[in-house]
1. Would you call Gly15 open to solvent by 10 Å² or more (accessible area, probe 1.4 Å), outside any helix (DSSP H, G or I) and more than 14 Å from Val143 (Cβ to Cβ)?
2. Which strands (runs of 3 or more DSSP E) sit wholly inside segment 95-170 and have at least 2 residues that are farther than 12 Å from Asp80 by Cα?
3. Using beta carbons and a limit of 9 Å, which pairs, at least six apart or on different chains, have the first residue in segment 100-127 and more than 22 Å from Thr55 (Cβ to Cβ) and touching a residue at least 60 places away in the same chain (Cβ under 8 Å) and the second one part of a helix (DSSP H, G or I) and among the β-branched types (Val, Ile, Thr)?
4. Would you confirm whether or not segment 38-49 contains a residue that is surrounded by 20 or more Cβ atoms within 10 Å (Cβ to Cβ) and over 28 Å from Asp6 (Cβ atoms)?
5. Could you check, for segment 65-79, whether at least one of its residues is open to solvent by 10 Å² or more (accessible area, probe 1.4 Å), closer than 27 Å to Ala253 by Cα and either in contact (Cβ under 8 Å) with a residue 24 or more places away in the chain or assigned to a loop (DSSP other than H, G, I, E, B) (or both)?
6. Would you mind listing the helices (runs of 4 or more DSSP H) fully within segment 316-383 where at least 2 residues are open to solvent by less than 60 Å² (accessible area, probe 1.4 Å), among the small types (Gly, Ala, Ser) and closer than 30 Å to Arg173 by Cβ?
7. From the list Arg173, Arg216, Arg195, pick out the single residue that is modelled with pLDDT under 90 and in a helix (DSSP H, G or I).
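The values are calculated or read from the model by the stated rules, or taken from the named source; none is laboratory data. Note that this is a predicted model, so its numbers are computed, not measured. Cβ placement follows ideal geometry from the backbone for every residue including glycine, while neighbour counts extend to all protein chains displayed. Protein only, heavy atoms only, side chains kept; ligands, DNA and RNA dropped before computing areas. Shrake-Rupley method; radii C 1.70, N 1.55, O 1.52, S 1.80 Å.
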Amino acid sequence: MSVWDDVVGQPDAVGTLRRAATDPAAMTHAWLLTGPPGSGRSVAARAFAAALQCTGTDGETGGCGRCHACTTTLAGTHPDLTVVATDKVVITVAEVRDLIMTSARTPSSGRYRVIVVEDADRMAERTTNVLLKAIEEPPPHTVWVLCAPSAQDVLPTIRSRCRGVVLRVPPARDVADLLVRRDGIDPAVALTAARAAQSHVGLARRLARDADARERRDAVLEIARRIRGVGDAVLAAGELVDVAKAEALAATAERDAVEKAELMRALGVQDGDTLPPRLRSQLKQLEDDQKRRATRRQRDVLDRSMVDLLSLYRDVLVVQLGATVDLVNAEHDGAVRALAADSTPEQTIRRMDAIGVARERLEGNVAPLLALEAMAVALRPQG
């Protein structure tokens, strides 16, 4: 057993991080872990943090996975580990200032104080500038580990002060093996889920364990066959947005209610009491944070739907070009071949481009319905 066991398909990255954890000459104070969604950036970051804190068992150090330091770090309870993983649109300046104050403290029990920022790409330029000085001149026992999809997603001033480690998309077979070993998933189901998730470990696990998630994905792929005209496209776009809103609400409603109840209790306000004017700003701040979280969740659901559609048209293009590679959506072979027969490779590429444009528009705060309507219209059959 090792802290690196769940970092699948990343031998080069693991080798670099493992050496740094055991060899002071290979160690530095700031790291930038980059890789596409699902490559395991956050898993690698936590494993690295555990390896840095590892006290070793049976003479093994650098992430034995069994000592108290390793187990508490992986569980997120080690006193000298701080992890920021926002579920809102951006990481705020206030949150970064809190991190900087934390980073200045001496480790209480571990070898290092490790600060992991899982969504470094969600910091605005002003926020990143606040962080710059702390990364440039950290205390001697503080290590920053930033994660982002690519180096270009963080400011040049930040990435120039970090050592970069690039993760790649792991092979689907490796992801499937992890699901079988860690979660006891049937090998065939695990492999199908890994391919459908395009090797995104978290999504593969969800698809393998949740029949409803598989049904929702199938419904998204079915949209490609249902769109025959502009009217169908408008209806399909509205359906995608409604499903995303419902899923975002379902994912956040219970947590929102608990947070509001806890705040009201902390403010000394009983159920049914009117909130005094002097306390309303705190409730407003909570509601704003919750709204940003729901917006982020909705965008993530919509983006995932578009990635699923991209995978379908990728398969269509594979069939049209006669490429000898595995289909991502092998269980939808009939639909893939029907779409391939009804269009040309040039039309398929234009459809994929339209989906890519919609993703960019959504990230740029274009109204989701407008972005998806334009995309869906482009997916209709062309004469």
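1. Values: open to solvent by 10 Å² or more (accessible area, probe 1.4 Å): yes; outside any helix (DSSP H, G or I): no; more than 14 Å from Val143 (Cβ to Cβ): yes.
No: the conditions fail for Gly15.
2. On the way: elements: 113-117, 142-148, 163-166.
Output list reads 142-148, 163-166.
3. Correct list of pairs: Ala120/Thr128; Ala120/Ile158.
4. no
5. Checked against the condition, which is being open to solvent by 10 Å² or more (accessible area, probe 1.4 Å), closer than 27 Å to Ala253 by Cα and either in contact (Cβ under 8 Å) with a residue 24 or more places away in the chain or assigned to a loop (DSSP other than H, G, I, E, B) (or both), segment 65-79 yields at least one hit.
6. Numbers: elements: 333-341, 345-363, 368-379.
Output list reads 333-341.
7. On the way: Arg173 fails: modelled with pLDDT under 90; Arg195 fails: modelled with pLDDT under 90.
The unique qualifying residue is Arg216.
Listed here are the residues, each with its yes/no results for (1) small (Gly, Ala, Ser); (2) closer than 16 Å to Leu310 by Cα.
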| site | (1), (2) |
| --- | --- |
| His332 | no, yes |
| Arg351 | no, yes |
| Gly364 | yes, no |
| Ala371 | yes, yes |
| Met375 | no, yes |
